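Working notes, beginning with the structure itself.
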Amino acid sequence: MVYLLIFISAIFVNNVVLSQFLGICPFLGVSKKIDTALGMGAAVTFVMALATLLTYLLQMLLNRFGLGFLQTIVFILVIAALVQMIEIVLKKISPALYQALGVFLPLITTNCCILGVAIIVATPEMLANKLPGGADPSLWTGLWYAVCTAIGFALALVLFAGIREQLSMNKVPKAMEGTPIALLTAGLLAMAFMGFSGVVG
């Protein structure tokens with residue numbers, strides 16, 4: 001039951017993009033086509049799950065040697081290495097997706113969404129605040145929270161891409177073309193997700 005509550009909370013109630021405003025750069029940059037949004041969502045999910053696991057274990061090591069102050073630097077290096085690995089794999093397996101993601105694939109390296117979730121999961125006090133129903137902040141609940149958060153990011157990205165694809169086929173006032181209509185749409189989507197607040201206590 002706890003895992004179901006975490007799933008609902010991370011995806012709908014506390015969506016990482018629409019509620020916590022983390023990962024806005026790729027959210028706005030890679031949301032013009034659904035295919036690209038799906039690819040980015042899958043890449044972020046994979047990187048976030050692996051990064052969370054590795055950074056949690058590294059945090060335990062850093063704490064043991066009294067090097068907790070190196071947390072951010074170490075976490076960024078781990079995430080950068082994982083993104084490099086994804087880039088190499090995508091280049092060989094799916095060159096079309098690699099080309100479609102273009103400059104936004106390296107953006108995962110500096111995606112504050114991944115770094116933010118890694119820091120939350122590695123810090124038991126912060127994780128306890130994010131988990132619904134007083135769930136125990138352990139590695140497994142933290143890893144599940146990270147995966148659900150990544151799914152929530154992917155869902156928001158795909159929904160936003162679908163809306164933007166529809167908008168591109170409609171006539172938009174000249175002053176609202178491009179970024180203004182995208183920001184307005186993102187705001188309306190965030191308001192729609194606010195309807196889920198209160199579902200999970």
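The values are calculated or read from the model by the stated rules, or taken from the named source; none is laboratory data. Owing to the predicted nature of the structure, the values given are computational and were not obtained by experimental measurement. Cβ placement follows ideal geometry from the backbone for every residue including glycine, while neighbour counts extend to all protein chains displayed. To get the accessible areas, we keep the full protein, side chains included, count just its heavy atoms, and leave off ligands, DNA and RNA. Shrake-Rupley method; radii C 1.70, N 1.55, O 1.52, S 1.80 Å.
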Across the stretch 131-154, the tally of residues that are open to solvent by 40 Å² or more (accessible area, probe 1.4 Å) and out of contact with any helix residue (DSSP H, G or I) (no Cβ under 6 Å at 6 or more places or on another chain) stands at 3
Test: residue in the stretch 155-172 that is part of a helix (DSSP H, G or I), among the charged types (D, E, K, R) and open to solvent by less than 50 Å² (accessible area, probe 1.4 Å): yes
Is the stretch 189-201 home to any residue that is at pLDDT 85 or above, open to solvent by 30 Å² or more (accessible area, probe 1.4 Å) and over 20 Å from the mean Cα position of the chain (by Cα)? yes
Keeping to the stretch 100-116, report how many residues are modelled with pLDDT of 80 or more and either open to solvent by 30 Å² or more (accessible area, probe 1.4 Å) or in contact with a strand residue (DSSP E or B) (Cβ under 8 Å, 6 or more places away or on another chain) (or both). 2
Applying the selection to the stretch 16-72, what residues are loosely packed, with under 15 Cβ neighbours inside 10 Å and either touching a strand residue (DSSP E or B) at 6+ places or on another chain (Cβ under 6 Å) or among the hydroxyl-bearing types (Ser, Thr, Tyr) (or both)? Thr72
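Is it the case, given these coordinates, that Gln84 is of a type in the set (S, T, N, Q) and farther than 30 Å from Leu188 by Cβ?
Values: of a type in the set (S, T, N, Q): yes; farther than 30 Å from Leu188 by Cβ: yes.
Here the answer is yes, as Gln84 does meet what is asked.
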Any residue in the stretch 8-35 that is closer than 28 Å to Ser94 by Cβ sitting within a Cβ distance under 6 Å of a residue that is open to solvent by 10 Å² or more (accessible area, probe 1.4 Å) and charged (D, E, K, R)? List the pairs, counting only those 6 or more apart or interchain. Ser31/Arg164; Lys32/Arg164
